[in-house]
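Heads up: the structure comes next, in C-alpha cells.
Read the figures in this text as sums done on the coordinates, not as results from a lab. All values reported here derive from a predicted model rather than from experimental measurement. FYI the Cβ positions are ideal-geometry reconstructions off the backbone, even for glycines, and counts take in every protein chain you see.
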Amino acid sequence: MHNTLQNEGSSGAYAALVVEKLGLREQMADRIHVVSSGAAMTDAITSAPGRVLGLAQATNISDNAAKGVPVELADLFPDELQNVTTYEAAAALVRCYASEEARKLLAASGLD
C-alpha cells in the first residue's frame with residue numbers, strides 16, 4: 001500500500017483517532033491523505049487498485065460493493081476500537097409518535 005485515505009467527515013476523524021491510539025501516526029504520517037468525502041475516497045481507491053487503503057464505515061464499503069464498485073472490506077477494527085452509533089433515542093421518539101395518544105394529539109392539531 002502506498003497511500004492510506006481518510007475523509008474529512010466524522011468517520012475520517014475517528015480513523016485518525018484510531019491511528020493515534022495504535023501509535024501509528026508518526027509511521028503513517030507521510031502516507032495518510034485526507035480527501036473530502038467517502039465518495040472521493042471510493043474514487044481514489046478504485047483508480048489505483050491494490051495501492052490505496054481507505055478507512056471507512058463498513059456500511060459504506062458494503063453499499064459500494066453491492067453497487068458493483070470494486071472495493072473490498074479487508075477487516076473490521078477489533079471491538080475495543082469500534083465506534084458504535086446507537087439509535088435508541090431515535091427509536092424511542094418514533095415509538096412515541098407512533099403511539100395512539102400521539103396520533104390523537106396530532107389529529108387534533110390538524111395533522112394526520
- With Cβ to Cβ distances under 15 Å as the rule, what net charge do the other residues near Ala44 carry (K, R +1; D, E -1)? -1
- What net charge is computed for the residues neighbouring Phe77, neighbours being all others with C-beta under 14 Å from the C-beta of Phe77, Lys and Arg scored +1, Asp and Glu -1? -3
- Taking amide H positions as placed in the peptide plane 1.01 Å from N, state which residues far from Val35 in sequence (5 or more) or on other chains have amide H under 5 Å from it. Gln6, Asn7, Glu8
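Counting only C-alpha contacts under 8 Å and six or more residues apart, can you give the relative contact order of region 3-77 as a whole percent? Write down the numbers at each step before the final one.
Details: 82 pairs, mean separation 27.0, N = 75.
Relative CO of region 3-77 lands at 36 percent.
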- Message: Under a crude label model (7 Å from the Cα following the beta-carbon direction), how far is Ala48 from Arg95 in nanometres?
- Response: 4.8 nm
- Note on the structure: The correct pair for the chain, radius of gyration to one decimal and Dmax as a whole number, both in Å and from Cα atoms, is 20.0, 63
